[in-house]
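Input: a single structure, listed below in structure tokens.
The values are calculated or read from the model by the stated rules, or taken from the named source; none is laboratory data. Computed from a predicted structure; not experimentally measured. Here the Cβ positions follow ideal geometry from the backbone for every residue, glycine too, while neighbour counts run over all protein chains shown.
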Amino acid sequence: MADKPDLPGAVWRWKLFWGFTILVGVILLGKYAGLMLFHPQQNRATYHQALVERGPILDDQGRILAVSTKQQAATVWLPDMKDKAKTAQLLASILSLNPEELLQKFTNGPNFQYVKRPVSVAEAQAIKAAKANGDLQGVELDPEFGRIYPQKDIAAQVIGYVGLDNIGLAGIEYSYNDLLSPHVTDTDRGIVHGNAVWLTLDTVLQYEAQKLADASRIANKAKRVNILVIDPENGDFKVMASSPSFDPNHFADYTPIQRADPLIARAYEPGSVFKLFSISAFLDSGVLTPQMKFVCDGVYERRLPDGAVIRITDLGNYGILDAQGILTYSSNVGTAQASDLIRKEPFEKYVHAWGFGSPTGLTLPGETPGLLRPRSEWSARSKASISMGQEIGVSTVQMITAAAGLADNGLLLKPHIVKKVVSPSGEVLYQARREPLRQVVKPEIAHEMLQMTKSTVEYGTAHRARIDGIELAGKTGTAQEYDPKTGTYSETNYTCSTMLFLPADHPRYVIYVTINDPLGPKGYLGGVIASPLAKQMAERLIRLEGIPKDGEPVVQQSPTIRLSEPPVLTVGQTMPDVKGLAKRTLLPLLDQPGLQVEIHGDGWVVHQEPTPGTPLKPGTKVVLELK
């Protein structure tokens with residue numbers, strides 16, 4: 001038989017346990033109450049043991065795109081507040097707030113509260129003066145860092161913005177938040193400095209592109225205009241401009257759609273500019289040769305076994321065309337006939353190899369992979385449609401990245417928007433490098449494509465992009481946009497575009513322009529309204545980057561770069577030696593106080609007045625001749 005429990009002993013043990021628990025609780029509560037009553041400031045909520053100064057975002061030359069600034073926030077610690085009603089009334093008058101709402105927060109809110117952040121200099125001075133008079137007990141001015149974007153709407157969708165807590169909410173500010181604003185530890189004190197993120201963008205080129213995009217959007221009554229420029233040698237984006245843009249200093253004034261980055265987030269049908277990649281696939285696979293001829297009389301028809309007819313048309317009768325002619329005149333009929341030569345499986349592999357259907361890996365949030373249905377879901381028309389840039393969704397970043405691969409001997413590279421990340425001590429934590437992904441087409445095929453698309457710019461659909469003295473290659477596109485309401489293609493909404501290779505032989509830059517939903521008097525064709533815009537961007541690159549035209553003297557430069565930063569001209573100092581510097585490096589000199597600076601020509605400095613070492617006096621005239 002089991003033993004009976006010792007009931008008196010059990011009760012005694014329970015009483016001892018609960019008595020000890022209550023005693024410990026009373027002691028802890030007593031200590032907390034003592035701290036609250038006699039040392040309230042020691043418990044004032046401190047959310048950051050250290051202040052974090054978010055690192056700057058810079059362009060490829062070190063120009064500031066985003067930077068932290070010191071500011072103050074008005075906060076309250078309610079245990080120190082003696083008269084909530086009086087404090088609310090006075091503080092509301094200083095900060096232009098509603099006193100009733102402020103008192104409600106003081107009455108029902110937590111002990112620590114932010115009242116306003118940031119406060120202006122005048123507001124901070126008024127709070128200090130009131131506290132000096134014995135008022136506003138419990139109110140403090142807490143130091144913190146804010147964020148400003150000195151370039152305003154330039155590259156805003158790429159840079160992004162931060163919230164009140166200085167946490168990145170979009171763009172580079174979001175994707176590089178932990179590097180720009182490192183986490184603090186309990187042992188950190190003072191100011192913890194974030195890392196600097198250098199972008200591959202060039203602010204001067206970006207500014208020029210933004211002006212062009214804004215002007216084109218207004219002139220063509222378009223919904224949006226995008227301009228991108230990439231260096232095919234390394235995959236670095238030099239320009240990522242979109243109009244309309246927004247001012248990240250006041251991002252809350254814009255809708256989420258207005259703040260979104262359409263260059264990476266929007267997928268669209270590219271139209272005929274996609275023929276760059278389909279024709280190159282046909283050539284590389286061997287099913288198409290440059291000598292093959294096609295009858296392009298304006299209509300392509302193919303009857304299916306079930307009696308259905310696939311019908312594709314051109315704008316006119318182009319006669320007999322070879323591969324170059326198909327590209328030059330952007331013949332849908334010729335492209336459709338060429339697509340009949342390749343099987344679905346290898347064609348799908350080429351499209352994927354060019355990067356379509358997958359994100360490019362650009363370090364920006366929200367990148368779309370685009371839309372490329374598996375070939376098992378293709379219809380009898382899909383192969384021809386995709387070859388012409390239909391039945392496929394792409395982003396502008398995917399398109400220009402693939403085009404850069406064509407410019408770089410058929411080798412697809414990983415694109416970059418971040419050039420490097422540098423610690424506060426100057427240590428380079430990350431450095432972008434050329435990253436080959438895969439050889440999509442043979443180098444000789446890529447070279448052949450550039451040679452064939454020279455005629456597109458010379459006398460074909462992109463002839464409005466032609467620039468005297470320099471040979472360009474390119475391709476245009478005009479695509480009807482899908483209307484989800486009707487389930488058909490829109491009769492009024494188009495995406496028109498132009499891709500340019502500058503120059504055609506060994507391109508230094510690839511330019512891609514898209515115009516969405518133009519309703520202006522010049523219509524919606526890519527060759528009519530997108531090609532002139534691409535030409536304008538090319539002209540800026542030629543001028544600012546010193547790209548020589550035919551017949552222009554070429555100044556032989558030293559292989560050693562002497563100056564990585566723009567020269568400084570200061571009254572009272574001596575004239576530096578600026579010979580051999582590129583024009584874009586000199587542009588900041590045009591706004592030097594006390595001096596008259598004139599820059600003549602394009603390219604690099606070959607002559608300067610005054611000579612190096614000459615003292616710079618007020619009113620000195622500085623003349624720089626470039627070739």
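Rundown of residues vs (1) touching a Phe, Trp or Tyr at 6+ places or on another chain (Cβ under 8 Å); (2) modelled with pLDDT of 95 or more; (3) closer than 25 Å to Met537 by Cα; (4) of a type in the set (D, E, K, R), yes/no style:
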{"residue": "Ile467", "(1), (2), (3), (4)": "no, yes, yes, no"}
{"residue": "Pro484", "(1), (2), (3), (4)": "no, no, no, no"}
{"residue": "Thr492", "(1), (2), (3), (4)": "no, no, no, no"}
{"residue": "Pro507", "(1), (2), (3), (4)": "yes, yes, yes, no"}
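Scanning segment 245-295 for residues that are more than 24 Å from Ala338 (Cβ to Cβ), assigned to a helix (DSSP H, G or I) and in contact with a Leu (Cβ under 7 Å, 6 or more places away or on another chain) gives Leu263, Ile264. One residue stands out in segment 372-403 among those that are over 18 Å from Thr478 (Cα atoms) and in contact with a Phe, Trp or Tyr (Cβ under 9 Å, 6 or more places away or on another chain): the one that is surrounded by the fewest Cβ atoms within 10 Å (Cβ to Cβ), namely Arg375. Listed conditions (1) over 25 Å from Gly366 (Cβ atoms); (2) at pLDDT below 95 are all met by Ser280, apart from (2). Against the conditions (1) in a loop (DSSP other than H, G, I, E, B); (2) within 29 Å of Thr514 (Cα to Cα); (3) more than 37 Å from the chain's Cα centre (by Cα), Tyr300 satisfies every one except (1).
I'd like to verify a number: residues in segment 453-486 that are among the β-branched types (Val, Ile, Thr) and in contact with an Asp or Glu (Cβ under 9 Å, 6 or more places away or on another chain), how many?
3
Taken over segment 82-97, the residue count meeting the criterion of being crowded, with 20+ Cβ neighbours inside 10 Å and either more than 15 Å from Asp135 (Cβ to Cβ) or over 45 Å from the mean Cα position of the chain (by Cα) (or both) is 1.
For Gly474, the stated conditions do not hold, so it cannot be described as outside any helix (DSSP H, G or I) and either farther than 21 Å from Tyr268 by Cα or not assigned by the TED database to the domain that holds Tyr318 (or both).
Considering only residues that are free of Cβ contacts under 8 Å to residues at least 40 places away in the same chain and surrounded by fewer than 24 Cβ atoms within 10 Å (Cβ to Cβ), look in segment 329-345 and name the one that is nearest to Gly286 (Cα to Cα).
Filtering segment 329-345 for residues that are free of Cβ contacts under 8 Å to residues at least 40 places away in the same chain and surrounded by fewer than 24 Cβ atoms within 10 Å (Cβ to Cβ), the one nearest to Gly286 (Cα to Cα) comes out as Arg343.
Restrict the check to segment 343-352 and report whether at least one residue is farther than 22 Å from Cys496 by Cβ, touching a strand residue (DSSP E or B) at 6+ places or on another chain (Cβ under 7 Å) and not in a loop (DSSP other than H, G, I, E, B). Checked segment 343-352: no residue is farther than 22 Å from Cys496 by Cβ, touching a strand residue (DSSP E or B) at 6+ places or on another chain (Cβ under 7 Å) and not in a loop (DSSP other than H, G, I, E, B). Residues of segment 284-293 include at least one that is under 21 Å from Trp354 (Cα atoms), assigned by the TED database to the domain that holds Ser385, surrounded by 19 or more Cβ atoms within 10 Å (Cβ to Cβ) and touching a residue at least 24 places away in the same chain (Cβ under 8 Å).
Listed here are the residues, each with its yes/no results for (1) modelled with pLDDT under 75; (2) part of a loop (DSSP other than H, G, I, E, B); (3) farther than 22 Å from Asp231 by Cα.
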| site | (1), (2), (3) |
| --- | --- |
| Ile547 | no, yes, no |
| Pro553 | yes, yes, yes |
| Val568 | yes, yes, yes |
| Gly572 | no, yes, yes |
| Val578 | no, yes, yes |
| Leu590 | yes, no, yes |
| Val597 | no, no, yes |
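When Leu288, Leu276 are checked against the criterion of being touching a Lys or Arg at 6+ places or on another chain (Cβ under 9 Å) and closer than 26 Å to Lys454 by Cβ, Leu276 stands alone in meeting it.
Annotation note: of Gln536, Gln480, the sole residue that is surrounded by 15 or more Cβ atoms within 10 Å (Cβ to Cβ), modelled with pLDDT under 95 and in the same structural domain as Ser272 (by the TED database) is Gln480. Does segment 605-627 hold any residues that are closer than 18 Å to Gln573 by Cα, out of contact with any helix residue (DSSP H, G or I) (no Cβ under 9 Å at 6 or more places or on another chain) and part of a strand (DSSP E or B), and which are they? Passing the criteria: Gln608, Glu609, Pro615, Lys621, Val623. Annotation: of all residues in segment 167-184 being in contact with a strand residue (DSSP E or B) (Cβ under 6 Å, 6 or more places away or on another chain) and assigned to a loop (DSSP other than H, G, I, E, B), the one that is farthest from Val115 (Cα to Cα) is Tyr176. If you go through segment 239-250 and pick out every residue that is in contact with a helix residue (DSSP H, G or I) (Cβ under 6 Å, 6 or more places away or on another chain) and surrounded by fewer than 24 Cβ atoms within 10 Å (Cβ to Cβ), you end up with 3.
Just one residue in the set Ala129, Ala155, Ala124 is buried (at least 16 other Cβ atoms within 10 Å of the Cβ), at pLDDT below 95 and not assigned by the TED database to the domain that holds Met537; that residue is Ala124.
Taken over segment 158-187, the criterion of being under 23 Å from Tyr430 (Cβ atoms), surrounded by fewer than 22 Cβ atoms within 10 Å (Cβ to Cβ) and of a type outside the set (A, V, I, L, M, F, W, C) is satisfied by Asn166, Tyr174, Ser175, Asn177, Asp178, Pro182, His183, Thr185. Within segment 368-413, the set of residues being under 13 Å from His352 (Cβ atoms) and polar (S, T, N, Q) comprises just one member, Gln398. In segment 514-525, the count of residues that are at pLDDT 95 or above, assigned to a strand (DSSP E or B) and not polar (S, T, N, Q) is one or more. Scanning segment 310-328 for residues that are under 20 Å from His463 (Cα atoms) and either charged (D, E, K, R) or surrounded by 19 or more Cβ atoms within 10 Å (Cβ to Cβ) (or both) yields Asp314, Tyr318, Leu321, Asp322, Ala323, Gln324, Gly325, Ile326, Leu327, Thr328.
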